[in-house]
Amino acid sequence: MPKSGSTSKITRRTALAGLSAGAALLAMPRLGRAADETIRIGFPTPLTGPFAAEARDQVKCAELAVKLVNDKGGIGGRKVELLVRDDKLNAGEAATRTLELIEKDKVHAVVGALSSAVQLAVNEVTRARGVIYVSISQSDTINEAKDFSKYTFHEALNPHMTTAAVARQTLKKGMKVAHLVADYAYGHEMLRGFKRAQAAIGADNVGEILHPFGAADYSTFMPRLMSMRPDVLCISNFGRDQANSIKQAVDFGVKQQMKIVVPVILHNQRLAVGPDVFEGVVGGANYYWGLEGQSKSAAAFNAAFKAANGGAIPTDYGAYGYSGVGSLLAAMQAAGGTDTDKVVDALEKLQYDLTKGPQHYRKCDHQSVQSVLVLESKKKSAMAGDNDLFAVLANDAGSDDMLRSCSELGHAT
Amino acid sequence: MTGPSSGEAVAKPSSGGLGWLLEQRVLLSVAVLAVLPWVLPSQALAVNVLIYGVVVMGYNLLFGYTGLLSFGQAAFFGAGAYFTGIAIGRYGVPWFAAVPVAVLLSTCLAAAIGIVSTRTRGIYFSMVTLALAQLVYYVALQASSFTGGENGLRGFTVDRISLFGLQLNFLDPVNKYYVLMAFAALAMWFQSRILNSPFGAVIEAIRENEQRARACGYDVERSKLIVFMLSGAISSLGGCMLALHLSIVPLDILHYQTSGMIVMMVLLGGARSFFGPFVGAASFLILEDVISLWTPHWQIFVGAIFVLFVLFLPKGIWGTLLDALRVGKARP
Amino acid sequence: MDLSLIIMQLLSGIALGAVLVITALGLTIVFGMLGVVNFAHGALFMIGAYAGLYLASLTGSFWWGLLLAPILIGAFGMLIEFVLIRRLYGRSIDDPLLLTFGLSYILVEGVRIVFGSDGIPFPTPPQLVGVLDLGIGFFPRYRLFVIALVAVVLLVLWLTLEKTRVGLIVRAGARDPTIMQVLGVDIGRVWLAIFGLGVGLAALGGVLAGPMRSVNPEMGSLVLAEAFVVTVIGGLGSIVGAVVAGLMVGISISMVALFAPEMATIVMFALMAIVLLIRPQGLFGVRGRTA
């Protein structure tokens, strides 16, 4: 054992060294943001809760997008880092995490969110502080002037686009259409989209039933729905609600009388409920791996994902993680760095094609104009493999007139 | 009656005078809270400790001191937040007026819920408060033109405030913390006054033995209603703080799971102690944060810890600590 | 609005009520006889559904799942009573509520760890698939089965409690445990049995509900609130109360769904508030048992 004298000398020296290093660090906070420092992107996602599987897919795809950029040398020589945070599908939690990402982790931009409420919460925090936010949650609300800001971008589809695409594919003039709608903002948005499209096509509205959001039991709505005798039943809800309502509708023999149509048909819900219940249901989607036969970008995306994830295929929600982060990084590349105003400018001018075809952000509301897939769930006997869930009925090319007009949304442009 | 909140008081002579003791616990608590942002890993976490500490403190008045296990405190927490947000965002009321208005309206809500629920006792009371709070949740979900429904309330960001002529950037986390801490100090002072008043003695008497309190001539039903309203008022102030901090009001603030979290915090910290609510809020939030770093399954650990506390440490962290430090003071 | 629609809606309400009854029954029996409010009741309902699904896929038959899951989970309930809840007798009446609240967190997250967070499909047994033509409309066979089964279970329960020696001991033990001990009855065994019964009923509710809704870790939390409302309306501790209130709530929700479906969930809370204002102990509850 060393003599106490020498120990204290060493300790004092090391203490002094430590103190001066610490003081030096504290004295140069600004240097922390120097040019050779990593680019940090915040990624809030619901790792706990009912959409944990979708969230994990999104993280994998987002990390793939980051990896592809880093492999090519990063952006201006700087590496990109993804900071994933669990928002627990809770708007309050998401706001807190976003505050931490901005104040403590000093991120340069935020991408993410799965539910409409969460994205709006994140947006409220980022726009007040001038941080770019690319939302990948489906919603009409974020396009509207009230929630908009020049830092707000919306890469995902919105109910208006998906309902229009699905309606075009399934409704004909003179058909009778009934609606089962979840009674909350997103449900109302989907209903509004359907009604507009059906009016344009010339189909008749025979009835609407609103159900409480999160309802477990739909049996009390079935007798009335059946008595309306529609040709098509449009079910406007999401996630578990969608799985439950379709299952119970099928239990009541609804499919014998009418076709079931949904605005967004979800990959994981179809897996959760099984092929028999979903058979014949038609819905919209932002992405489906089976597109690779028709689209080079899809094939490339699938290949890259499979290589990084042991042969697994990317899901619809996963693809949002890829295109959300991917488009942001492409804009940063074009802007040569992370200067917020330059990146906003680059995003507005960006033309990108990451998963399914050409996309760009419309100037007035920063909505990504993109194609909408319409899928039909295959019956068990028609499935070539465990992943062969859907048939691609259509992949309508993206165009500005798929969206509501800028003036309707309340924008000046 | 209620003892001092800090170990320091043990060393002081007991003849210090009740007024002086009172001053002590609020000041000491504020002193601890003042250093919190520098001690905890992030300022957002520190602000959450403030907010939930105030909410749980209000709940402690009802549960810890009066013995009424309510599972519906989230209704007042949420009401405070929503009323503040609606006042600022929809009616353009300045923040310093929005907060008192929100607390007043939330107290009225507490009166309404209190009238129905205090008609029941014991376990019924717990279940009824849970169900009535869920009713408030569903009403808020439906009234989406006021509350934003499922999307939550937005559009009332307070980015700068003027305080005594000074212009403060409210978005700066340090400024925000100390402004909100002022609110917390106010709430603590108010709670302390209640506990030290004759009314404070009445509610503790009700907890100890309701029949005897009634026999002594106290109007038990009226007292319960009043404490219900006071508890709701204090918790709603926590809600106002949340609205100012996050600039959004999420709908699930009203869900019974939030009520459950409040119950967990009060038990973790120590019901029936003055500073316990803040200790409980801090412990719960830190635990959740730390465990979430290793695993998304933090709930199983939080649940297990809670069960262990119910079984072996019913006085909570702070309560057990105080008991261990208290020397020779007569307890009721 | 024609008569046949109203009758179909009524039938829907009874089917909904049947599930509410069986869930609330477990809660009210445990409270009435043990004075314990089991906050983990919803979580145990959910575990029952998962157990039923697992056993059904293991044995290849829904019926084995239906039979074995409640027994298995009931036994698990007895374990909970013996290891955890028994320590709390004699302490504050709130403690079991708090403990089971923490327990529910553990159980729900445990299921997430083992089975994942996604929903799992619970296939309807092939014998009960499809609808029955009732002349006035179509009604799912499976829901008719649920109504019938719940009625049978209620009958068996009533007969056991009223007509058998075991039932006599259980009822007496609820009224006065001390005398029972003096008379030489092992009251610990009675408590175990009752708690196991209550949990088994929750699990049965879960298995029955499985094919109707999707099976997921969150399915218990909504059920818990519903069960609380039904037991409060019916009166804590009253079996008759649970049955009447369950049917009443199910039918009310169903009839309201006819003209204002978005208010369907609010209705049951409104009903509870009204009952409490008129009769705070519930329709069939006994005043004073709750303090």
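The residues of chain C present an accessible area of 38 Å² per residue when probed at 1.4 Å with all protein chains retained. Each listed q (0.04, 0.05, 0.08 Å⁻¹) maps to a log10 I(q)/I(0) for the protein assembly as shown, found by the Debye formula over equal Cα scatterers with no solvent: -0.21, -0.33, -0.85. Across peptide C:218-230, the mean count of Cβ atoms from other chains lying within 10 Å of each residue's own Cβ comes to 4. How much of the pair distance distribution for segment C:1-125 lies past 16 Å, counting alpha-carbon pairs only, in percent? Tail fraction, whole percent: 70.
On average, how many beta carbons from a partner chain sit within 10 Å of the beta carbon of a residue in A:115-127?
On the way: counts 2, 3, 10, 3, 1, 8, 9, 1, 2, 9, 5, 0, 2.
Counting other chains' Cβ atoms within 10 Å and averaging over A:115-127 gives 4.
Counting Lys and Arg as +1 and Asp and Glu as -1 over every other residue whose Cβ lies under 11 Å from the Cβ of A:Val325, the net charge comes to -1.
Just to confirm a number: summing +1 for Lys and Arg and -1 for Asp and Glu over residues other than C:Ile253 whose beta-carbon lies under 10 angstrom from that of C:Ile253, what do you get?
Values: positive: none; negative: A:Asp217, C:Glu226.
Once positives and negatives cancel, what remains is -2.
For segment B:37-105, what is the convex hull volume of its Cα atoms per residue in Å³? Kindly include the intermediate steps, with their values, before the conclusion.
Values: hull volume 8.0 nm³, N = 69.
With only Cα atoms used, segment B:37-105 gives 116 Å³ per residue.
Note on chain C: GNM, Cα springs under 10 Å; of C:Leu20, C:Leu34, C:Leu67, the largest mean-square fluctuation is that of C:Leu67.
Across peptide B:128-140, the mean count of Cβ atoms from other chains lying within 10 Å of each residue's own Cβ comes to 5.
Between segment A:178-207 and segment A:381-413, the alpha-carbon centres lie 17 Å apart.
Within chain C, what is the longest stretch that has no trypsin sites (Lys or Arg not before Pro) placed in a DSSP loop and near at most 15 other beta-carbon atoms within 10 Å? Each step should come with its number before you reach the end.
Numbers: sites that count: C:Arg91, C:Arg287.
Here the longest run is C:92-286.
Where Lys and Arg each count +1 and Asp and Glu each count -1, what net charge lies around A:Lys172 among other residues with Cβ under 12 Å from its Cβ? My count for the surroundings of A:Lys172 gives +2.
When all alpha carbon pairs of segment C:26-219 are counted in 5 Å bins from zero, the resulting P(r) reads 1, 8, 14, 18, 17, 14, 12, 8, 5, 2, 1, 0 %.
Given a Förster distance of 41 Å, report the FRET efficiency between A:His411 and A:Ser381 from their Cβ-Cβ distance, rounded to the nearest 0.05. Once the sixth-power term is evaluated, E becomes 0.25. Please determine, in degrees from 0 to 90 and to the nearest 10, the orientation of helix A:52-71 with respect to the longest principal axis defined by the Cα atoms of chain A, where the helix direction is its Cα long axis. So the helix axis and the longest Cα principal axis differ by about 50 degrees.
Based on the Kirkwood radius over alpha-carbon pairs, what value in µm²/s does the Stokes-Einstein equation return for the translational diffusion coefficient of chain B at 25 °C and 0.890 mPa s?
Working: Rh = 20.2 Å.
For these conditions, the coefficient is 121 µm²/s.
For the pair B:Tyr91 and C:Ala151, label points projected 7 Å from Cα toward Cβ lie 5.5 nm apart.
Sort B:Thr84, C:Thr265 by heavy-atom solvent-accessible area, probe 1.4 angstrom, most to least. If you can, show how the numbers build up before the last one.
Details: B:Thr84 0, C:Thr265 25 Å².
Largest accessible area first, the list is C:Thr265, B:Thr84.
For segment B:288-301, 3J(HN,Hα) computed residue by residue from phi via the Karplus equation (6.51, -1.76, 1.60; θ = phi - 60°) reads 4, 4, 5, 5, 4, 5, 8, 8, x, 9, 5, 4, 5, 6 Hz, glycine and proline entered as x.
Can you list the chymotrypsin sites (Phe, Trp or Tyr not before Pro) in segment A:192-271 that are in a DSSP coil and have 16 or fewer other beta carbons within 10 angstrom?
Passing both the DSSP loop test and the Cβ count: no residue.
Working note: Cα atoms of chain A, range along each principal axis, descending, whole Å: 93, 55, 39. Starting from the Cα gyration tensor of segment C:164-291, take the square roots of the eigenvalues, sort them a ≥ b ≥ c, and report rounded, prolate or oblate (rounded when a/c is under 1.5, otherwise prolate if a/b is larger than b/c, else oblate). Oblate is the answer for segment C:164-291, as a/c is 1.5 or above yet b/c matches or exceeds a/b.
Compute the acute angle (0 to 90°) between the alpha-carbon long axis of helix A:116-128 and the principal axis of greatest extent of the alpha-carbon atoms of chain A; round to the nearest 10°. The angle comes out at about 40 degrees.
Treating the angle as unsigned and between 0 and 90°, give the value, to the nearest 10°, between the Cα long axis of helix C:3-34 and the longest Cα principal axis of chain C. Around 10 degrees separate the two axes. Between the C-alpha center of segment B:44-107 and that of segment A:128-149 there is a gap of 28 Å. Amide H contacts of A:His366: none lie under 5 Å away among residues 5 or more positions distant or on a separate chain (H built 1.01 Å from N in the peptide plane; Pro and chain starts excluded).
The values are calculated or read from the model by the stated rules, or taken from the named source; none is laboratory data. Fair warning: this is a prediction, and the values are worked out from it, not measured in the lab. In this analysis, Cβ positions are derived from the backbone assuming ideal geometry, glycine residues included, and neighbour counts consider all displayed protein chains. Protein only, heavy atoms only, side chains kept; ligands, DNA and RNA dropped before computing areas. Shrake-Rupley method; radii C 1.70, N 1.55, O 1.52, S 1.80 Å.
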